[in-house]
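Peer 1: Let me give you the structure first, and then I'll get to my questions.
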Amino acid sequence: MQGGLLLPPECAPGGHSVLQNPYRSTTFSSSWLQQSSLQDFICDHSLTPGWYQFQIFDKPASMPTQCVEVNHCGTQAPVWLSLGEGESLPGPLEVRQLTACAAWQFFSSSSKECCMFRIPVTVRNCGDFYVYLLQPTQGCMGYCMSDTLPTSSLLCGPGEVNVGGSCKSEDPTPSVPVVVSEVTGNTVYLKCSFESRSNSSLGYVVAWSRLSPEGRKEELKQETTIQTFAFIELDGFNLRLGDKIYCSSSSFFLDSPSVRGISVESQEFFAGIRLRPEASSVSEDGRLYEMVVESTVPLPCPEGSPASAEQCTLSLQLSTTNDLFFWSICSC
């Protein structure tokens, strides 16, 4: 059992044998063995058919997928895994039928044949390592191994995804964004802010939109950022008082931009002045009625005007019709 998943029998302990002769490494030149009487060439013509895992100094290794030079891997004819057009190694817990090739160079020629002999090989991805269903070679050939594992071999736990060889949260979706207003000098901005739910390095795509008079959302602006917030100016042209505004955010892994979370949208933000309650009937019964005038955005004084209470205020006008009170508001 690994990452909450049931492993195939050949991945479990006892389900495969281990080939861990370090001379099988692609970096090892067999010429040293030719000069030594202590070690013979590796020959897999007598290998017992079965599932095998490669290890180099007790660490998982894999069969190389590029042509190997002759007289390497402790043998004269190194065997490597050939991936044809459209072929790839299996993903986590997948199994795939592939072909291995033996490299050879004829003594009478300086040219090298990367695939002099072909050998069928079944490959199983066990998550943290590969296992290979091997059979004896046709002569004195040796299966090669590389000390690096392809990043696709990593099996991540529930809710995680393999990104560049590391397990990361499968869903980098940020929290629901919130829109608030801020003022800098005489300029009013709206700020879209959210929280990250991942410990990974993320980038964010933030989009602003508003509701048209016909009830359709019109996109105003989109930007990419590494911050968990973004701004848009309430400039009176593209974005005005009285607009109903939304922002949305989606995130992606910086080292793998193709892995993106879903887009999350904020609640509606009304940019302007509103009355609470929006409508009310007031009777001439001597009772006290309270209404709240609320501005969702700051209203800065015009640049250069005196910042006195008389010069920079909101005026409210009260009118009545058929014993109903209505408020009209203007900015001065």
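The values are calculated or read from the model by the stated rules, or taken from the named source; none is laboratory data. Owing to the predicted nature of the structure, the values given are computational and were not obtained by experimental measurement. Here the Cβ positions follow ideal geometry from the backbone for every residue, glycine too, while neighbour counts run over all protein chains shown.
Peer 1: Determine, yes or no, whether GLU294 is over 45 Å from the mean Cα position of the chain (by Cα) and of a type outside the set (A, V, I, L, M).
Peer 2: Against the criterion (over 45 Å from the mean Cα position of the chain (by Cα) and of a type outside the set (A, V, I, L, M)), GLU294 does not qualify.
Peer 1: Going through the range 206-230 one residue at a time, which ones are assigned to a loop (DSSP other than H, G, I, E, B) and exposed (fewer than 15 other Cβ atoms within 10 Å of the Cβ)?
Peer 2: SER212, PRO213, GLU214, GLY215, ARG216, ILE226, GLN227
Peer 1: Just name the residue that is surrounded by the most Cβ atoms within 10 Å (Cβ to Cβ) out of those in the range 231-289 that are part of a loop (DSSP other than H, G, I, E, B) and among the polar types (S, T, N, Q).
Peer 2: It comes out as SER266.
Peer 1: Among the residues of the range 205-218, is there at least one that is over 25 Å from the mean Cα position of the chain (by Cα) and among the acidic types (Asp, Glu)?
Peer 2: yes
Peer 1: Here's a follow-up. Within the range 180-205, track down each residue that is part of a strand (DSSP E or B) and surrounded by 15 or more Cβ atoms within 10 Å (Cβ to Cβ).
Peer 2: SER181, VAL188, TYR189, LEU190, LYS191, CYS192, SER193, LEU202, GLY203, TYR204, VAL205
Peer 1: Hey, can you tell me all the residues within the range 15-34 that are at pLDDT below 85, assigned to a helix (DSSP H, G or I) and surrounded by 14 or more Cβ atoms within 10 Å (Cβ to Cβ)?
Peer 2: LEU33
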